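Just below is one structure, and these are the notes that go with it.
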Amino acid sequence: MNASQPKSPHPVLVTWSWITHSHVTPAPIPPQPTVAPLRPLRNWLNNLSVENPWLAHKLCQLIPAQCPFERDVKLGGRTLFHIPPLCKLNPLYEEVVGLRFRALCYLADVCGEDISRYC
């Protein structure tokens with residue numbers, strides 16, 4: 001430092017330098033648990049074929065198109081708070097939605113029905 005510059009109580013970074021660690025290996029990723037108690041139910045739902053118009057109609061009626069729990073709570077025209085969709089917390093959500101989609105496709109493609117009432 002120059003004599004004319006005041007001494008700073010804090011250290012000052014003068015240069016940047018990059019340090020490479022080529023000898024460092026990443027930690028191994030622990031294996032995922034192989035216990036999946038819902039796997040048989042998931043496989044059954046994924047492999048369930050919709051080949052009956054009555055069953056397809058029942059599935060489309062029972063499985064909602066949108067999450068029924070999502071709401072805006074309002075008071076006097078003002079939104080107080082929003083309840084997010086909770087359906088995605090269901091561990092079988094993807095399988096159930098896929099089953100409803102297969103039922104809708106069966107009704108539209110095979111049976112030639114108008115499915116707009118289910119959307």
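The values are calculated or read from the model by the stated rules, or taken from the named source; none is laboratory data. Because the structure is a prediction, the values reported are computed rather than measured. For neighbour counting, all protein chains shown are included, and Cβ atoms are generated from backbone atoms with ideal geometry for every residue, glycine included.
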For the stretch 33-48, pairs from a residue that is over 11 Å from Pro91 (Cα atoms) and in contact (Cβ under 8 Å) with a residue 40 or more places away in the chain to a residue that is of a type in the set (A, V, I, L, M) and assigned to a helix (DSSP H, G or I), with Cβ under 7 Å and 6 or more apart or across chains, are Leu45/Val96; Leu45/Leu99; Leu48/Leu99
Report, by residue number, each residue of the stretch 67-88 that is surrounded by 10 or more Cβ atoms within 10 Å (Cβ to Cβ) and outside any strand (DSSP E or B). Cys67, Pro68, Phe69, Glu70, Pro84, Pro85, Leu86, Cys87, Lys88
Close pairs from the stretch 64-89: first touching a residue at least 60 places away in the same chain (Cβ under 8 Å), partner surrounded by 11 or more Cβ atoms within 10 Å (Cβ to Cβ) and in a strand (DSSP E or B), Cβ under 7 Å, at least 6 apart: none
What are the residues in the stretch 89-98 that are more than 17 Å from Cys60 (Cα to Cα) and in a helix (DSSP H, G or I), if any? Leu89
With under 19 Å from the mean Cα position of the chain (by Cα) and at pLDDT below 95 as the only criterion, which of Pro37, Pro26, Pro84, Pro33 stands out? Pro84
Criterion first (touching a residue at least 24 places away in the same chain (Cβ under 8 Å) and part of a loop (DSSP other than H, G, I, E, B)) does Glu51 satisfy it? yes
Report yes if some residue within the stretch 57-66 is among the charged types (D, E, K, R), surrounded by fewer than 15 Cβ atoms within 10 Å (Cβ to Cβ) and at pLDDT 90 or above; otherwise report no. yes
Taking the stretch 108-119 and keeping only residues that are of a type in the set (A, V, I, L, M) and either under 16 Å from Pro64 (Cα atoms) or loosely packed, with under 14 Cβ neighbours inside 10 Å (or both), one is left with Val110, Ile115
Per-region count, the stretch 24-48, residues polar (S, T, N, Q) and assigned to a loop (DSSP other than H, G, I, E, B): 3
